[in-house]
Every structure is written in C-alpha cells, then in structure tokens.
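Beneath this line is the structure, given in structure tokens, with notes to follow.
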Amino acid sequence: MEVRSLKFDGEVLHILDQRFLPFEAIDVECKNEKDVWDAINKMKIRGAPAIGVAAAYGMYIGLRDFSGDTNAFIEKAKQLKSYLDSARPTAVNLAWATERVLDKILENKDKSVEELKEIVLKEAKLIEQEDAERNFRIGEFGSELFSEGDTIMTICNTGELATV
C-alpha cells in the first residue's frame, strides 16, 4: 500500500490527515486556499517538505480562478503568499515555497494571466518532484550507514509522511 502525505489531482489537493494516524486514514480535500491554510494551520499535514509542497499547490489553487489583468494577478499572488505563510509562521519550507512561486510569477510578469497560472502550476509540480527526488537520495545515502536490525530514530524531515 502506497502512503502519500499529499497528492494533487489537477483540481483538488488531497492531504492525509496525520492527526488521526495510525488509527484512521482520512483524506482531506483542499479545494481552495482556505482549505490549504486550514490543513497547514491545524497540523493536518506535517513535515517541512510536505508543508512546502502543500503551500506551493495552495498558491496555484488560490490563483487558478483569478480573472483580471496581470498587475492585479501579481497583487493577488502577494496577498495569497502572505495569507498562506500566516498558517504557520515558523514553517521555513512554507515561506520558501510560496516565495519561490511568487518569484517565478515576478520573473514572468510580461506573460498573460493564463500563462502565469500555468507557470504557477508547473512550479508547484517542480517543487513536489524536486522534494521527492531529494528525499529519496537522502534515504539512499543514509541506508549505507545502517545494517539489518539497526534501530533508527528520525526527527522532523524524514519519512513518507513528512515528505512527498
């Protein structure tokens, strides 16, 4: 059975509500930026990498239905970044991911709003992909340090539930 902390299906960000583990596996559907904010704030999603990826998708979810000009889109993106960051102000990966998405928007401010939306989605997917690859490599390197039967205690940025 594959366990994933989150999955974006193109419309909805599905988050495994970690507050109920290991007794229940509850899928939280984040359909708007408020749902993403709530999932981060109420610790439904945990682990710095997973929080960052959720925030990146939160940027897309919060901007995908925007209609207006590019300048208004950029202002909305700045407001959305601040809003999502407020869900857990000490979560470094959260602010890092929202800043990365905002920077990508600002780098492409000459594009249309529709193009910017695609850029935001592409960046969120890239953040997810890079995180998965990075964490897999950490596991590969770490596995060389242990032998069969060793006991390992992990803290924070480890395991499938803290990453993607």
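Which of the residues that make up region 74-100 are at pLDDT below 95 and among the hydroxyl-bearing types (Ser, Thr, Tyr)?
Answer for region 74-100, where residues must be at pLDDT below 95 and among the hydroxyl-bearing types (Ser, Thr, Tyr): just 90.
Is there a residue in region 21-34 that is surrounded by 14 or more Cβ atoms within 10 Å (Cβ to Cβ) and within 17 Å of residue 125 (Cβ to Cβ)?
There is at least one residue in region 21-34 that is surrounded by 14 or more Cβ atoms within 10 Å (Cβ to Cβ) and within 17 Å of residue 125 (Cβ to Cβ).
Restricting attention to region 37-91, and to residues there that are of a type in the set (Phe, Trp, Tyr) and buried (at least 23 other Cβ atoms within 10 Å of the Cβ), which single residue is nearest to residue 105 (Cα to Cα)?
60
Quick check on region 69-92: of everything there that is in contact with an Asp or Glu (Cβ under 9 Å, 6 or more places away or on another chain) and touching a residue at least 40 places away in the same chain (Cβ under 8 Å), which residue is farthest from residue 54 (Cα to Cα)?
Applying the filter and picking the extreme gives 70.
For region 1-25, which residues satisfy the criterion of being modelled with pLDDT of 95 or more, assigned to a loop (DSSP other than H, G, I, E, B) and β-branched (Val, Ile, Thr)?
Residue satisfying the conditions is 12 alone.
So which of 50, 39, 54 ends up being at pLDDT below 95, assigned to a helix (DSSP H, G or I) and in contact with a helix residue (DSSP H, G or I) (Cβ under 7 Å, 6 or more places away or on another chain)?
50
Hey, among 97, 132, which residue is assigned to a helix (DSSP H, G or I), in contact (Cβ under 8 Å) with a residue 40 or more places away in the chain and within 25 Å of residue 13 (Cα to Cα)?
The unique qualifying residue is 97.
Any idea which of (1) out of contact with any Leu (no Cβ under 6 Å at 6 or more places or on another chain); (2) over 26 Å from residue 19 (Cα atoms); (3) in contact (Cβ under 8 Å) with a residue 12 or more places away in the chain; (4) surrounded by 13 or more Cβ atoms within 10 Å (Cβ to Cβ) is the one residue 118 doesn't satisfy?
(3)
Residue by residue through region 1-41, note down the ones that are closer than 21 Å to residue 79 by Cα and either of a type in the set (D, E, K, R) or in contact with a His (Cβ under 9 Å, 6 or more places away or on another chain) (or both).
Correct list: 30, 31, 33, 34, 35, 38.
The values are calculated or read from the model by the stated rules, or taken from the named source; none is laboratory data. Keep in mind it's a predicted model, so treat the numbers as computed, not measured. A quick note on method: Cβ atoms are made from the backbone with ideal geometry, for glycine too, and the neighbour counts reach across all protein chains shown.
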